[in-house]
Amino acid sequence: MWPDDLVALYRRDYRALVRHAYLLVGSRAEAEEVVQDAVVRLRLHWDDVRAPEHYLRRSVVNGAFGLLRRREVAERRHPDPPPPDEPSHLVELRDVLLALPERQRAVVVLRHVADLPDDEIAEILGCRRSTVRSLAARALAALRLEVTP
């Protein structure tokens, strides 16, 4: 039996988590799997978790990183074609983000898409707040070079 609070959390945050995972891994199907795995892990530890939203977000980021580590470098540079209903600006954003190193990509997604504060991003990534700021600065500089004609 799944706890009602977990079901409510899943229903409320599923789409946003899939969107964040999609921007990290470049494949909607894999993003959905990452989120599903994170929800199952949260269910297994439900009684011990004090901050389920944070645990779930961190599990999604860690799951995405794990998936990326298992991929070949060539596959990362050729993402799955987007689903037909995916907005073109999201596809373009995904393509630009995939050119970044994974930690920079995670900072950009968590900061600018998930709208999380640097303290929470640092906790999710297991680094210092200053590291989050430097990763963000490097990522934004690289993105400016990529999108500026």
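The values are calculated or read from the model by the stated rules, or taken from the named source; none is laboratory data. None of these values were measured; they are calculated from a predicted model. Note that each Cβ is placed from the backbone with ideal geometry, even for glycine, and that neighbours are counted across all protein chains shown.
Set side by side, the residues 96, 107 differ, and just one is within 19 Å of residue 63 (Cα to Cα) and under 16 Å from the mean Cα position of the chain (by Cα), which is 107.
Tallying residues that are more than 23 Å from residue 119 (Cα to Cα) and in contact (Cβ under 8 Å) with a residue 60 or more places away in the chain within segment 23-73 yields 1. Does residue 133 fit the bill of being part of a helix (DSSP H, G or I), out of contact with any strand residue (DSSP E or B) (no Cβ under 9 Å at 6 or more places or on another chain) and touching a residue at least 24 places away in the same chain (Cβ under 8 Å)? Taking the combined requirement at face value, the residue does not satisfy it. Once segment 120-130 is narrowed to residues that are farther than 9 Å from residue 107 by Cβ and in a helix (DSSP H, G or I), the residue that is nearest to the chain's Cα centre (by Cα) is 124.
For segment 141-148, does any single residue satisfy the condition of being assigned to a helix (DSSP H, G or I), among the polar types (S, T, N, Q) and exposed (fewer than 15 other Cβ atoms within 10 Å of the Cβ)?
The answer is no; no qualifying residue exists.
Restricting 12, 69 to residues that are at pLDDT 95 or above, surrounded by fewer than 16 Cβ atoms within 10 Å (Cβ to Cβ) and in a helix (DSSP H, G or I) narrows the list to 12. Every condition in (1) of a type in the set (Lys, Arg); (2) at pLDDT 90 or above; (3) outside any loop (DSSP other than H, G, I, E, B); (4) surrounded by fewer than 17 Cβ atoms within 10 Å (Cβ to Cβ) is met by residue 57 except one, and the failing one is (4).
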